[in-house]
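The values are calculated or read from the model by the stated rules, or taken from the named source; none is laboratory data. This is a predicted model, so every value here is computed, not measured. So basically every Cβ, Gly included, is an ideal-geometry build from the backbone, and we count neighbours across all protein chains shown.
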Amino acid sequence: MFSKHVTKQLSAYCHGEVAADESRMIAEHLIGCNRCREQYEEIKLGVKFAEQLPQLSAPDSMWLELQARLDLETGQNGHASVDVRPKRSRFSFKGWQPAFAGVAAGLLLAVAFGAWSFYVRESRPFWDVVRLNGSPRIGSWRMDQTGRLAVGQWLETDGSSRAKIDVGSIGHVEIDPNTRVRLIETKLTEHRLELARGKMSAKIWAPPRLFFVDTPSGVAADLGCAYTLEVDDAGASLLHVTNGWVALQLKDRESMVPAGAACATRPGIGPGTPYFEDATSNFRAALAELDFNPDDGSGSKARALETVLHEARFRDTLTLWHLLYRVEGKERELVFERMSALSPPPRDVTREGVLRLDDKMLHLWKGYLENSWSNDSGLKKTWIKIWTGTLGKVQGLEEKK
Ligand SMILES: [Zn+2]
């Protein structure tokens, strides 16, 4: 699944400085490689801090000093020029200064304009919205064909309206009827939407962890591709991933959900254990009991775990791997035994290590199993579709000009 690690390209990638096909390759690698993803998070954090640095004006004394030096150099202070610099420096300044200054200023302007237009395009504080059906509202205003959703504003659909939001240039989100969403943040390093109620479908072709959706019971972090997210009136949510990976988080509890899998969340509890949607109905019902029903002392939890382990197929090691963190003692031993029977742990992963939740071993085992969890060919096909789509759009725009 992994080609070479991409750590060397990450800085250029983070600044959008790599070619489209390389960028796709890196994004794909980041979905599957913990090591590179961690580095990428660090670089992204650095860029984020740099963005937040305040711009300070240089002190007046510095300008005065510069002026004095220039005056000295060109003899404009009325005195004979004192040659304090090497000869060639004096030569280069005298005749060339105006032309040099002109070129430098022109270059500076061009660079500044390029950076500015990129920045404005990528971090303007609103998203474009297109009406699909009925009359969605932005704040108290009923939309016509198109509208703009500014940071802090709510977009709301009634029983007969739908809308589509363009997430900068990184993807789009469709809003189903009876849904309330709010734009929380949009900038180069983070785009964030709040889904208070209803259903949305997202297609994102950005690097991992750039697009987030806050729900009342967890945060969905996009790791590349497509998913739907529903929130009911009680604040519980259900995530279905159709392509790529999504991470669902609440505080220190995280579920990694690949294409074909789903994950529920509950207020106060956070994300449940992810499962493949083609798992048996007994498996899914028992898992819901394990995840969200309080332990009433009747032994129902133990029976639910027994059902989950009994019904688990090879692919359901996705669920069992997450369960290792969520059960303890004897139950963790049972999960380990069932997992080992379905897929023996790789070398360097020991029973003892897994039972004490050794992070390195658990991630080694996860890396080994991930191939069977993610539908790799489906993912590749989607990437190709998305990129040819994007290229088509870019070419179309260029032809129009
Ligand atoms: Zn890597």
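Worth a mention:
- Among the residues of the range 120-140, some residue qualifies, meaning at least one is assigned to a loop (DSSP other than H, G, I, E, B) and among the basic types (Lys, Arg).
- So LEU56, is it modelled with pLDDT under 80, assigned to a loop (DSSP other than H, G, I, E, B) and not charged (D, E, K, R): yes
- Taking each residue of the range 258-281 that is free of Cβ contacts under 8 Å to residues at least 40 places away in the same chain and looking for partners that are in a loop (DSSP other than H, G, I, E, B) and buried (at least 18 other Cβ atoms within 10 Å of the Cβ) with beta-carbon atoms closer than 8 Å, six or more apart or interchain, yields ALA262/PRO274; CYS263/GLY272; CYS263/THR273; CYS263/PRO274; ALA264/ALA236; ALA264/GLY272; GLU277/GLY260; ASP278/GLY260.
- A search for C-beta distances below 9 Å between a residue of the range 26-47 that is in contact (Cβ under 8 Å) with a residue 12 or more places away in the chain and part of a helix (DSSP H, G or I) and any residue that is polar (S, T, N, Q) and within 12 Å of the ligand (Cβ to nearest atom), counting only pairs 6+ apart in sequence or on different chains, returns ILE26/GLN9; GLU28/SER3; HIS29/SER3; ARG35/THR7; CYS36/THR7; GLN39/THR7; TYR40/THR7.
- Here ALA68, ALA12 are screened, and the one residue that is at pLDDT 65 or above and more than 16 Å from the ligand (Cβ to nearest atom) is ALA68.
- Yes/no for LEU324 being in a loop (DSSP other than H, G, I, E, B) and in contact (Cβ under 8 Å) with a residue 24 or more places away in the chain: no
- Among the residues making up the range 129-145, a single one is under 27 Å from the mean Cα position of the chain (by Cα) and at pLDDT below 95: GLY139.
- Cβ separations smaller than 7 Å between residues 6+ apart or across chains give the following pairs from the range 355-367 residues that are charged (D, E, K, R) to residues that are not in a loop (DSSP other than H, G, I, E, B): LYS366/TRP321.
- Test: residue in the range 180-196 that is in contact with a Pro (Cβ under 8 Å, 6 or more places away or on another chain), farther than 20 Å from PRO271 by Cα and modelled with pLDDT of 95 or more: no
- Some residue of the range 212-231 being free of Cβ contacts under 8 Å to residues at least 24 places away in the same chain, closer than 28 Å to LEU309 by Cβ and assigned to a loop (DSSP other than H, G, I, E, B): no
- Count - residues of the range 240-256 that are crowded, with 23+ Cβ neighbours inside 10 Å, closer than 11 Å to ALA221 by Cα and over 14 Å from the mean Cα position of the chain (by Cα): 1
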